[in-house]
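Okay, structure first, notes after.
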Amino acid sequence: MSRTASLAEGRARQDEVRRRGRRLGWASFALGVVQLAAPGAVRRLSGVDDSARSRAVVPVVGARELVHAAGLLTSRRKGAWAWTRVVGDAMDLTALGVALAHRGGDRRRRLVGVTGAVAGITALDLLTAVQATREARTSSVPAARGARTGGSVELTATTTIRKPASEVYAFWRDLENLPTFMAHLEQVRTTGDRTSHWFASAPFGKDVEWDAEITDETPGEKIVWRSTGEATVPNAGTVRFTPAPDGVSTEVFVVLVYEIPGGAVGKAVAKYFGEEPHQQLDDDLRRFKQVMETGEVVRSDGAPWGKRARKEFPQRPAQPLSDSELAKGADA
């Protein structure tokens, strides 16, 4: 696998670990709130006795969960906080094991169910902790701040689209749709089930083209691709589609990595990305959201001709243009 593709997939793995860490954080928050707000109900449902010790322990565990939630939701060190959950899970499993040895009947059955659930959560916590720690140790890619020739630039962006994940995935998976919202692409032509040929023009100062292949995909969830052969600008990308909490929308996470060559083409690419390279991908995803939700790219009244001067992509005005505006645009 090329270095460019490795960088893109590495960043995608990091993003997935962070998202899982946030989900664990919200789970900890929910558990903590319930254990503090209704400790008696928690004891009854889990089969724990009503002793003074259990009445004291349940709120303490709830407070611990809220601490875990705060760490997982606010800290960038997801691995460290995931390990604190693993330690807490081990303590819970030990306490449940002791309780099982002294329970029988219906209370024991409830404890068995709770123990199984905690064991499953422990496995997920352990997986997240191990992966987060591994990614933290192996990651050496700093956030992009401008581009230079002879190096690489990594772009990351996210957006939320009010369409189901299956529909958003299907539109992106038809790679020939990409030029409708990616400003630097002139055309993408499908050449096989997983292969394609890409053309880019204006932003790079000259026409460039390359072959690409999809290296990994999960229908409705992710697409991973990279350039192949002797691409003028080697590149790779990963896009993930995650159902949003509202149950209707889709969160789209994109990582693109470009290897910036030397020479005239490299200088043109570096100039295009400039000091705020992420803005280019942010703009692309904004247009992607518009295409998916409205069927076309909408430009503001303040810039009625959009980027038409650079001939990057078709747009429509937010409202009809006057005859004078049409004449001015034609003269431009």
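The values are calculated or read from the model by the stated rules, or taken from the named source; none is laboratory data. All of these numbers come straight from a predicted model, not from anything done at the bench. Heads up, the Cβs are rebuilt from the backbone with ideal geometry, glycines too, and the neighbour counts pull from every protein chain shown. Quick note on the areas: whole protein, heavy atoms, side chains included, nothing else; ligands and nucleic acids left out. Shrake-Rupley method; radii C 1.70, N 1.55, O 1.52, S 1.80 Å.
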Mean separation of Cα contacts under 8 Å (6+ apart) over length of region 168-227, as relative contact order %: 25 percent
Solvent-accessible surface (1.4 angstrom probe) belonging to E209, in square angstrom, nearest 10: 100 Å²
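Mind giving me the FRET efficiency for D283 and A37? R0 is 35 Å, r the Cβ-Cβ distance, nearest 0.05 is fine.
Working: r = 45 Å, r/R0 = 1.27.
Rounded to the nearest 0.05, the efficiency is 0.20.
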